[in-house]
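Q: Quick one: the structure is below, questions incoming.
The values are calculated or read from the model by the stated rules, or taken from the named source; none is laboratory data. It should be emphasised that the depicted structure is a prediction, and the values quoted were computed from it without experimental measurement. No Cβ is skipped: glycine too gets one built from the backbone with ideal geometry, and neighbour counts run over all protein chains shown. Quick note on the areas: whole protein, heavy atoms, side chains included, nothing else; ligands and nucleic acids left out. Shrake-Rupley method; radii C 1.70, N 1.55, O 1.52, S 1.80 Å.
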Amino acid sequence: MSDSRITVSLVEYVEGAVRFYATDLQELERRGLAYTKAEVFYNPHMRSNRDIAVAVASTLGEGFSGADVMAASGVRVLRLAAEAGGGRLIANDRNPLAVYAIRKGVRANELSDRVRVWMMDANEASLKIRDFGRVDYLDVDPFGSPASYVWAAVQAVKRGGVLAVTATDTPVLYGVYPAKLHRAYLAWGEKTEFHKEMGLRLLAAFVLRVAAMYDLVATPILAHATRHYARVYFSIDRGALRALNAFEENVGWILYCQRCGWREVKRRSYPPEGEVCGFCSHEASLIGPAWLGEMQNQDLLSRVIRWSEEKPHWISEEARSILRALASEVGLPPLYYDLDAIASRMKLPSASPRAVVEELESRGFRASMSHCEKKAVKTDARLEDVMAVIKDLARERA
Ligand SMILES: C[S@@+](CC[C@H](N)C(=O)[O-])C[C@H]1O[C@@H](n2cnc3c(N)ncnc32)[C@H](O)[C@@H]1O
């Protein structure tokens, strides 16, 4: 940071209802530096992430308390105050330049009475919040993995409050690096045809596991995999027994066949052994522990969608369309089907997801497109049924 070759001026940006200050991205580009080199980080492509955060936080009611323990420019916290009605908010970052920029943003938006600015390590900030007054909403939004921040963050949220966790180490969560996945998230996983949903479910089970250490229950209430990140919102509750029940009812294992794409979920705490594919009898891979319950809370999602649709001037169309897509997935079983992968194994042309959804519905199944994978569908049909639809659609087109 003290490297004079990297120092770039701060400029004013506008997002939603606020003005804020961050490294000049155009100047960075002119100097051939990646946006990740920004001293005060701002990623405009993460706007949908912040839009949805603001919309979720708005459901906590006027005057809610909240924190972004890795705030960078502070844009998220400023928006929580200006758009979602947040009252007692904390923007923390360990980077002094970020803290300077946040303070400037707080003054520019006249939010000094509602936003306090801290400069310390994120875990220290979470523990300070735990000790001096838990918050209704806490955001963990690091570079890369959130794994080492979750233990402190879960303790900083009030009962009934919301913890939001972003992971940008998606190659790890999506099974490209199984050893690293195990190390960081205590989970087994590998490359699959449903890697984005797998990543969300492994992240959810990890946070539930960590929360349980403190007799807390972290129940997923909204989750999406967008661009290069995975994001899960949790409702935080207390109770050792509730934590145990959450595990027994909703955490388990995914069996997956690398050869034919077959998958099955098993709701149980201990890993199944020696399982084979139910379709081609090849040895099945074991993935988990994974959250196998509902990832979206329908009631919350409806409120978030309603609020967002009334605020198109703040909440981007990208965010609103993610939310609508999530609503269409509610109630469908885990793990989408990747139509390109299935069709390619069948040596057939792939099918349009919309056509597959319509055909599955006409055959009596429930189905929807996937919010995170363009060429995938979610359905209660089995792999064989999806294959039959792909085959029939290919025959019709021939
Ligand atoms: C991805 S950015 C946060 C973006 C911001 N939340 C937003 O919505 O625009 C990550 C930030 O975390 C800060 N950071 C990294 N490690 C930290 C730590 N251990 N404690 C506090 N801040 C940290 C970095 O300085 C950086 O500003």
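Q: Please list, ordered by chain and number, the residues whose modelled amide H lies under 5 Å from the amide H of SER285; skip anything fewer than 5 residues away on the same chain.
A: So SER285 has HN proximity to TYR256, CYS257, GLN258.
Q: Per residue of segment 85-95, in order, report the coupling 6.51 cos²θ - 1.76 cosθ + 1.60 (Karplus, θ = phi - 60°) as ³J(HN,Hα) in whole Hz, putting x for Gly and Pro.
A: x, x, x, 10, 10, 10, 10, 10, 7, 7, 8
Q: Quick one: Cα centre-to-centre distance for segment 280-301 and segment 48-113, in angstrom?
A: Here the two parts' Cα centres lie 33 Å apart.
Q: Given LEU200, THR219, GLY105, which one lies farthest toward the positive end of the charge dipole of segment 12-291, if we put +1 on the Cβ of every Lys and Arg and -1 on the Cβ of every Asp and Glu?
A: The residue sitting most towards the positive pole is GLY105.
Q: Gain in length, SER362 to LYS191, computed as 0.36 nm per residue apart minus the alpha-carbon separation, to one decimal in nm?
A: Length gained, SER362 through LYS191: 58.4 nm.
Q: Here's another thing I want to ask about it. Could you tally the net charge around LEU339, taking each other residue with its Cβ under 10 Å from the Cβ of LEU339, Lys/Arg +1 and Asp/Glu -1?
A: On the way: positive: LYS374, LYS375; negative: GLU193, ASP338, ASP340, GLU373.
The answer is -2.
Q: Still on this structure: Report the net charge of residues surrounding VAL251, where surrounding means a beta-carbon distance below 11 angstrom and charges are Lys +1, Arg +1, Asp -1, Glu -1. Working shown, then result.
A: On the way: positive: ARG201, ARG209, LYS266, ARG267, ARG268; negative: GLU248, GLU249.
Result for the local shell: +3.
Q: Still on this structure, I have one more. Carbon and sulfur: what percent of segment 250-398's accessible surface (1.4 Å probe)?
A: 49 percent
Q: How much mean residue ellipticity at 222 nm does the chain get from its helices, if each DSSP H run of length 4 or more adds -39500 (n - 2.57) and you divide by all residues, to the nearest 500 deg cm²/dmol? Write down the numbers at each step before the final one.
A: Values: 15 runs with 154 residues, N = 398.
Calculated mean residue ellipticity at 222 nm is -11500 deg cm²/dmol.
Q: Keeping every protein chain present and rolling a 1.4 Å probe, give me the accessible area per residue for the chain in Å².
A: On the way: 16810 Å² over 398 residues.
Each residue of the chain exposes 42 Å² on average to a 1.4 Å probe.
Q: To continue, here is another question. What ranking do 337-345, 387-395, 309-317 get when scored by the average of other Cβ atoms within 10 Å per residue, highest first? Write out the running numbers ahead of the final one.
A: Numbers: 337-345: 20.1, 387-395: 17.6, 309-317: 15.0.
Peptide ranking by packing, descending: 337-345, 387-395, 309-317.
Q: Per-residue HN-Hα couplings for segment 125-139, Karplus 6.51 cos²θ - 1.76 cosθ + 1.60 at θ = phi - 60°, whole Hz, x for Gly and Pro?
A: 4, 4, 5, 5, 5, 4, 7, 10, x, 5, 10, 6, 9, 9, 10
Q: Mind scanning LYS37/LYS374; LYS191/LYS375; LYS37/LYS375; LYS191/LYS374 and naming the pairs with a C-alpha gap bigger than 27 Å? Mind showing how you got there, number by number?
A: Numbers: LYS37/LYS374 31 Å; LYS191/LYS375 17 Å; LYS37/LYS375 33 Å; LYS191/LYS374 18 Å.
Checking Cα-Cα distances, LYS37/LYS374; LYS37/LYS375 exceed 27 Å.
Q: Moving on. Using the Karplus equation 6.51 cos²θ - 1.76 cosθ + 1.60 (θ = phi - 60°), what ³J(HN,Hα) coupling, rounded to whole Hz, does each residue of segment 318-324 give in order, writing x for Gly and Pro?
A: Going residue by residue, I get 4, 5, 5, 6, 4, 4, 5 Hz, with x marking Gly and Pro.
Q: Please list, ordered by chain and number, the residues whose modelled amide H lies under 5 Å from the amide H of MET120; skip anything fewer than 5 residues away on the same chain.
A: Amide H neighbours of MET120: ASP93, ARG94.
Q: Applying a 10 Å radius around every beta-carbon, put 250-262, 293-305, 67-79 in order of their mean neighbour count, most first.
A: Values: 250-262: 20.5, 293-305: 17.5, 67-79: 28.6.
Descending mean neighbour count gives 67-79, 250-262, 293-305.
Q: Something else now. Using packing as a proxy for protection, rank 226-236, 34-44, 274-284 so that the peptide with the highest average count of other Cβ atoms within 10 Å comes first. Don't skip to the answer; put the middle values down first.
A: Values: 226-236: 21.7, 34-44: 17.5, 274-284: 14.8.
Top of the packing list down: 226-236, 34-44, 274-284.
Q: Could you check the spin-label model distance between GLN26 and LEU300? Points 7 Å from the Cα along Cα→Cβ, value in nm.
A: 3.9 nm
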